[in-house]
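Enquirer: Just dropping this structure here.
The values are calculated or read from the model by the stated rules, or taken from the named source; none is laboratory data. This structure is a prediction, so every number in the text was calculated from the model and none was measured. Note that we place each Cβ from the backbone using ideal geometry, even for glycine, and neighbour counts take in every protein chain shown.
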Amino acid sequence: MKTHTIDELQDIAQEVRQDIVKMLLKAGAGHPVGSLGMADVLVALYYTVLRNDPKNPTWEDRDRLILSCGHICPALYAVMSHVSYFEHKNLLKLGSFKSILQGHPDKRFLPSLETTSGPLGCGLAQASGIAYVARLDQKRFRTFVITSDGEHDEGNHWEAVAFAGKNNLSSLTMIVDRNNIQIDGFTEDVMPLEPLADKYKSFHWSVIDIDGHNIKEIVDACNKARAIYENPTVIIARTIPGKGVPFMENNPNWHAKAPNSDEVREAIKNIRNMKGAIEDY
Amino acid sequence: MINQKLYLSDKIFKKDIEMKLMRDGFGLGLLEAGEKDPRIVVLSADLKESTKANYFAEKFPERFIEVGVAEQAMVTIASGMANYGKIPFCTSYAIFSPGRNWEQIRTTIAIDSYPVKIIGAQSGLNIGHYGVTHQGLEDIALASVIPNMNVVVPSDFDEARKATLLMAVDNKPYYMRLPRIESPVYTSSETPFKFGKANILTESKNPEVTIIATGLMVYEALMAYKELYKNGIETIVINMHTIKPLDEELIIRNAKLTGAVVSIEEHQVIGGLGSMVSSVLSKNFPVPMEILGVQDRFGQSGTPKELFAEYGLTKEDIIKACKKVIARKNS
């Protein structure tokens, strides 16, 4: 794949955001704010960090990326289409009958996904299992997992935090979408997570705190994690839920609600204005 | 008479029949499977000795993964390992796995049909002393209801060993339940064993009832067969070691042959072997049927013998049920 400047990656992330709101309008359902919030992280991963090959998705030495919080799959699907895992036109079939893009990630329909996901709290354990046996076989690839902050309420997740810490799974990097919202409201009201970094440190993880919309910071953090041999690394990516669409930003009511066509028109105008462009939609 | 084609133990009805743990059959089978295939890894949720995963752990420490008392993590970690290309065996007690981690098994193992093997030891009332909280009586239902899942309930040491070796080379998810207590080794290493093909243990010229049993209840059914035979009632005893896929053809054929069926399992009757057999028969060839098992109740402490008597899982209960269905058939 050709290399991109950060400026180009920011432009791609804006295209991904436009894809996301159009997909949700067409589907009439889905999770907009989490998807918009993680667009920059996913673009950084697929364009710069992950060593993989969209033409050979089962290449055995590829870096793995597990999306634990499967509900933000619109962002994953949009980025995967931009790097040519499948044709872009599939995006508008999100969640429709027999579509390769099921409403939550379904590997039966899209084998290039690493896992079928959606039910929360499982992804870190799956990624830990992969990282554990990869080390057993002296494989060099890295395993990445994206988790939401809300799914930190799950016991299964913390069981896996302990397991990865115990086993020093240094090829494992988790990126937490720290957007502070979940379905019933703000995370610190629903079930407080702070001090989150200290919790990970106490489980023998390395912690890196970043701005989840700064592509350079995202890439730098992933590279830094590559150089940490003692522990697994968690990158706490501070994100704005709904980033790029002001009327959705930081609003838990937009967690699982599709926009209507007027809202999408407004949203696309907002997204296009993110870098100062003034064109209308 | 006993089916000669199955090479069953010649001590089948003798007092000195060998007694062994099915868990040992599993543990030794796992060791053998591990020697043959380096892809096999074994996970334990803090129960390696009582599940007999310790034989494997001692020989292959690098392929033995201790996850602590964390059954949800165990199966989701195993999912990742299988996703990479390993063949994981997850060992715990039936009540915790698939009891506590059911959704994780469904989502991360069964949907994509990863070859993860879930081993539920200490299932059933036979664990006795430890009481209601540890008596897994729902595991067959929980595992069987999941698409793609295969469900096996061996009936003695040798079968547990054979089942372990066979599931290790089948690229699909499996659940296998194992009891705690020793039981008579009535089969032999020669006895044929194939998933989805039930074994007909007894033959008869004029059978009046078919007894379909699974797990520890198979030997109980053989005891009932012997006593009924003395009283002039001939029966066919079937060892239904595979609950899923269920040997429907054999069930229908034998229902046609005898016109009456009794099922018995050390499990809740709702969602268990009996309900699956009756579903097959009601679609294909309805006959009078009695379903023995735990009748929608919880267990309690006691000896296995006391508990089997309390919950209607004895030779006498089978005999009574057989007479009842024969009477219904003839009325």
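Enquirer: For A:Phe141, which of the numbered conditions (1) more than 8 Å from every other protein chain (Cβ to nearest Cβ); (2) touching a Pro at 6+ places or on another chain (Cβ under 8 Å) fails to hold?
Expert: Of everything listed in (1) more than 8 Å from every other protein chain (Cβ to nearest Cβ); (2) touching a Pro at 6+ places or on another chain (Cβ under 8 Å), A:Phe141 misses just condition (2).
Enquirer: For segment B:292-316, give me each residue that is closer than 19 Å to B:Gly136 by Cβ and either in a strand (DSSP E or B) or small (Gly, Ala, Ser) (or both).
Expert: Result: B:Leu292, B:Gly293, B:Val294, B:Gly299, B:Ser301, B:Gly302, B:Gly312.
Enquirer: Name the one entry in B:Lys226, B:Lys244, B:Lys305 that is under 23 Å from the mean Cα position of the chain (by Cα) and closer than 15 Å to B:Ala213 by Cβ.
Expert: Going through B:Lys226, B:Lys244, B:Lys305 in turn, just one is under 23 Å from the mean Cα position of the chain (by Cα) and closer than 15 Å to B:Ala213 by Cβ: B:Lys226.
Enquirer: Please tell me if A:Ile130 is surrounded by 20 or more Cβ atoms within 10 Å (Cβ to Cβ) and either without any contact (Cβ under 8 Å) to a residue 12 or more places away in the chain or within 13 Å of chain B (Cβ to nearest Cβ) (or both).
Expert: yes
Enquirer: Sticking with this structure for a sec: Only one of these is outside any loop (DSSP other than H, G, I, E, B), without any contact (Cβ under 8 Å) to a residue 24 or more places away in the chain and out of contact with any helix residue (DSSP H, G or I) (no Cβ under 6 Å at 6 or more places or on another chain): B:Lys324, B:Lys283. Name it.
Expert: Being outside any loop (DSSP other than H, G, I, E, B), without any contact (Cβ under 8 Å) to a residue 24 or more places away in the chain and out of contact with any helix residue (DSSP H, G or I) (no Cβ under 6 Å at 6 or more places or on another chain) holds for just one of B:Lys324, B:Lys283, which is B:Lys283.
Enquirer: Out of the residues in segment B:128-165 meeting the condition of being more than 15 Å from the chain's Cα centre (by Cα) and aliphatic (A, V, I, L, M), tell me which one is farthest from B:Gly271 (Cα to Cα).
Expert: B:Leu165
Enquirer: Filter segment B:82-99 down to residues that are closer than 21 Å to B:Leu166 by Cα, of a type in the set (A, V, I, L, M, F, W, C) and not in a strand (DSSP E or B), then give me how many there are.
Expert: Qualifying residue count, segment B:82-99: 2.
Enquirer: Here is a follow-up. Just checking, does segment A:54-69 include any residue being out of contact with any Cys (no Cβ under 9 Å at 6 or more places or on another chain), in a loop (DSSP other than H, G, I, E, B) and aliphatic (A, V, I, L, M)?
Expert: No, because not a single residue in segment A:54-69 is out of contact with any Cys (no Cβ under 9 Å at 6 or more places or on another chain), in a loop (DSSP other than H, G, I, E, B) and aliphatic (A, V, I, L, M).
Residue-wise test of (1) over 18 Å from the mean Cα position of the chain (by Cα); (2) without any contact (Cβ under 8 Å) to a residue 24 or more places away in the chain; (3) within 14 Å of another protein chain (Cβ to nearest Cβ); (4) surrounded by fewer than 23 Cβ atoms within 10 Å (Cβ to Cβ).
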position	(1), (2), (3), (4)
A:Ala78	no, no, no, no
A:His82	no, no, no, yes
A:Glu87	yes, yes, no, yes
A:Leu92	yes, no, no, yes
A:Lys98	yes, yes, no, yes
A:Phe109	yes, yes, yes, yes
A:Leu124	no, no, yes, no
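Enquirer: Considering only segment B:270-286, how many residues are touching a Leu at 6+ places or on another chain (Cβ under 8 Å) and buried (at least 20 other Cβ atoms within 10 Å of the Cβ)?
Expert: 3
Enquirer: With B:Ile264, B:Ile251, B:Ile319 as the choices, which residue is in a helix (DSSP H, G or I), within 18 Å of the chain's Cα centre (by Cα) and within 14 Å of B:Val237 (Cα to Cα)?
Expert: It is B:Ile251.
Enquirer: Show the residue pairs that are 6+ apart or on different chains and have beta-carbon atoms under 9 Å apart, the first residue being within segment B:48-72 and more than 20 Å from B:Thr164 (Cα to Cα) and in contact (Cβ under 8 Å) with a residue 24 or more places away in the chain, the second being among the acidic types (Asp, Glu) and part of a loop (DSSP other than H, G, I, E, B).
Expert: Going by the 9 Å Cβ cut-off, the qualifying pairs are B:Val67/B:Asp46; B:Val69/B:Asp46; B:Ala70/B:Asp46; B:Gln72/A:Glu154.
Enquirer: Name the residue, out of A:Asp184, A:Asp149, that is at pLDDT 95 or above and more than 13 Å from every other protein chain (Cβ to nearest Cβ).
Expert: Only one candidate passes the filter, namely A:Asp149.
Enquirer: Somewhere in segment A:192-209, is a residue touching a residue at least 12 places away in the same chain (Cβ under 8 Å) and either within 10 Å of chain B (Cβ to nearest Cβ) or under 14 Å from the mean Cα position of the chain (by Cα) (or both)?
Expert: no
Enquirer: Being surrounded by 22 or more Cβ atoms within 10 Å (Cβ to Cβ), more than 23 Å from A:Arg108 (Cα to Cα) and among the β-branched types (Val, Ile, Thr) narrows it down to one of B:Val116, B:Val67, B:Val75, so name that one.
Expert: It is B:Val67.
Enquirer: Still on this structure, please answer the following. May I ask you to say which residue of B:Ala255, B:Ala327 is over 25 Å from B:Ala163 (Cβ atoms), buried (at least 20 other Cβ atoms within 10 Å of the Cβ) and small (Gly, Ala, Ser)?
Expert: Of the residues listed, the single one that is over 25 Å from B:Ala163 (Cβ atoms), buried (at least 20 other Cβ atoms within 10 Å of the Cβ) and small (Gly, Ala, Ser) is B:Ala255.
Enquirer: Here is a follow-up. Return yes or no: is A:Lys166 surrounded by fewer than 23 Cβ atoms within 10 Å (Cβ to Cβ), among the basic types (Lys, Arg) and away from chain B (no Cβ under 13 Å)?
Expert: No, not satisfied.
Enquirer: Quick one: in segment A:20-59, which of the residues that are within 14 Å of another protein chain (Cβ to nearest Cβ) and in contact (Cβ under 8 Å) with a residue 24 or more places away in the chain is farthest from the chain's Cα centre (by Cα)?
Expert: A:Thr58
Enquirer: Right, here's the next one. Condition test on B:Tyr55, is it over 27 Å from A:Glu60 (Cα atoms), aromatic (Phe, Trp, Tyr) and at pLDDT 95 or above?
Expert: Yes, satisfied.
Enquirer: Just a yes or no: is a residue in segment B:201-210 at pLDDT below 95 and crowded, with 16+ Cβ neighbours inside 10 Å?
Expert: Among the residues of segment B:201-210, at least one is at pLDDT below 95 and crowded, with 16+ Cβ neighbours inside 10 Å, which makes the answer yes.
Enquirer: Considering every residue within segment B:89-101, establish whether at least one is over 17 Å from B:Ala121 (Cβ atoms) and more than 7 Å from every other protein chain (Cβ to nearest Cβ).
Expert: no
Enquirer: Right, next: Mind listing whichever residues of segment B:241-257 are touching a helix residue (DSSP H, G or I) at 6+ places or on another chain (Cβ under 6 Å) and hydrophobic (A, V, I, L, M, F, W, C)?
Expert: Passing the criteria: B:Ile243, B:Leu246, B:Ile251, B:Ile252, B:Ala255.
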